[in-house]
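Student: Have a look at the structure that comes next, please.
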Amino acid sequence: ELKVEQNPLFLSMQEGKNYTIYCNYSTTSDRLYWYRQDPGKSLESLFVLLSNGAVKQEGRLMASLDTKARLSTLHITAAVHDLSATYFCAVPGNQFYFGTGTSLTVIP
Amino acid sequence: DGGITQSPKYLFRKEGQNVTLSCEQNLNHDAMYWYRQDPGQGLRLIYYSQIVNDFQKGDIAEGYSVSREKKESFPLTVTSAQKNPTAFYLCASKPTDRHNQPQHFGDGTRLSIL
């Protein structure tokens, strides 16, 4: 069974700082997805990474995929309070396999 | 606008009772999924369906049942056999012919025990 691990599980950071969330997965996949979930809400698709070396950027978030290392990163640049949410990575197989989530709190 | 509609938003279940959560999509997606999310946890797959009249168990199917009689609809029944049903339930869908597309999610149903 495919395993997807994220770290850290919890992240508290000050506004204006940079940080990276990591997503490791256990078997070969050439695709990976990032989602955002606000408290009590549903999941919203952020990034679709479709090949080794793929990099996508949206505002202060940048996601990358290294399929050889089975690793994706979500980099946050100059964090703002609006980025506070839980972030999930997901890897497709027979089904979609979700990471445990990273709960991000940005402190003013 | 196309999307996924889950209802009700909140649901209360009495002990011994079966309850059904609705999930309807007008995105013309073939694949549909049900997930359970417990507080502070990730998503766990209950059931999924790739095509009408066919569905497969996910990781935590015990105590749940589904049907897929129409492409648009994938209702989930939480049976009395599910002893700890309190959770946030999310329905998702995805096209199978465009397999790079992400899953689209509904707004969820929050189920509690009375």
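Derivation of every value follows stated rules applied to the coordinates shown; laboratory data play no part. Note that the structure is predicted; figures quoted are calculated from it, not measured. Neighbour counts run over all protein chains shown; Cβ positions are idealised from the backbone, glycine included.
Student: Just want the answer: with Cβ charges of +1 for Lys and Arg and -1 for Asp and Glu, which residue in B:N84, B:F74, B:H29 is farthest toward the dipole's positive end in chain B?
Tutor: It is B:N84.
Student: Shifting gears a bit: Between B:L27 and residues 5 or more places away or on another chain, which pairs have amide H atoms under 5 Å apart, with H built 1.01 Å from N, and which residues are they?
Tutor: The answer is B:G3.
Student: Okay, moving on. Which residue, A:H81, A:G16, A:G40, has the largest displacement toward the positive end of the dipole of chain A when charges sit on each Cβ (Lys, Arg +1; Asp, Glu -1)?
Tutor: A:G16
Student: Treating only the Cβ atoms of Lys and Arg (+1) and Asp and Glu (-1) as charged, compute the dipole magnitude of the stretch A:1-85 about its Cα centre; round to the nearest 20 debye.
Tutor: 140 debye
Student: A follow-up question, please. If R0 is 22 Å, what FRET efficiency do you get for A:T28 and A:L71 from their C-beta distance, rounded to 0.05?
Tutor: The computed FRET efficiency comes out at 0.95.
Student: Which is the longest run of chain A containing none of the trypsin sites (Lys or Arg not before Pro) found in DSSP loop states (not H, G, I, E, B) with at most 16 other C-beta atoms within 10 Å? Walk me through the numbers before you get to the answer.
Tutor: On the way: sites that count: A:K3, A:K17, A:K41, A:R60, A:K68.
With trypsin sites (Lys or Arg not before Pro) excluded where exposed in loops, chain A gives A:69-108 as its longest stretch.
Student: Where does the charge balance sit around B:K83 when Lys and Arg score +1, Asp and Glu -1, over other residues with C-beta under 13 Å from its C-beta?
Tutor: -1
Student: Taking a cut-off of 20 Å between Cα atoms, list the lysines near B:K71, but don't count ones fewer than 8 places away on the same chain.
Tutor: B:K71 reaches B:K57, B:K94.
Student: What net charge is computed for the residues neighbouring B:H29, neighbours being all others with C-beta under 13 Å from the C-beta of B:H29, Lys and Arg scored +1, Asp and Glu -1?
Tutor: +1
Student: If you find the alpha carbon centre of the stretch B:39-100 and of the stretch A:58-101, how far apart are they in angstrom?
Tutor: 24 Å
Student: OK, next. Which FRET efficiency, nearest 0.05, do B:H99 and A:D82 yield, Cβ-Cβ r, R0 35 Å?
Tutor: Efficiency, from the Cβ-Cβ distance: 0.65.
Student: Give me the net charge for the shell around A:A79: Cβ to Cβ below 10 angstrom, other residues only, Lys and Arg +1, Asp and Glu -1.
Tutor: Local charge sum for A:A79: 0.
Student: Work out the length of the dipole vector of the stretch A:1-40 about its Cα centre, built from +1 on the beta-carbon of each Lys and Arg and -1 on the beta-carbon of each Asp and Glu, and round it to the nearest 20 debye.
Tutor: Charge dipole, the stretch A:1-40, about its Cα centre: 60 debye, nearest 20.
Student: Given a cut-off of under 8 Å on Cα pairs at least six residues apart, what relative contact order in percent is computed for chain A?
Tutor: 37 percent
Student: Related question: Which links in A:K17/A:K41; A:K3/A:K68; B:K9/B:K83; A:K17/A:K56 stretch past 18 Å when you go from one Cα to the other?
Tutor: As for pairs spanning more than 18 Å Cα to Cα, those are A:K17/A:K41; B:K9/B:K83; A:K17/A:K56.
Student: Could you give the nm distance between label points at B:Q56 and A:L50, where each point is 7 Å from its Cα heading toward the beta carbon?
Tutor: 2.4 nm
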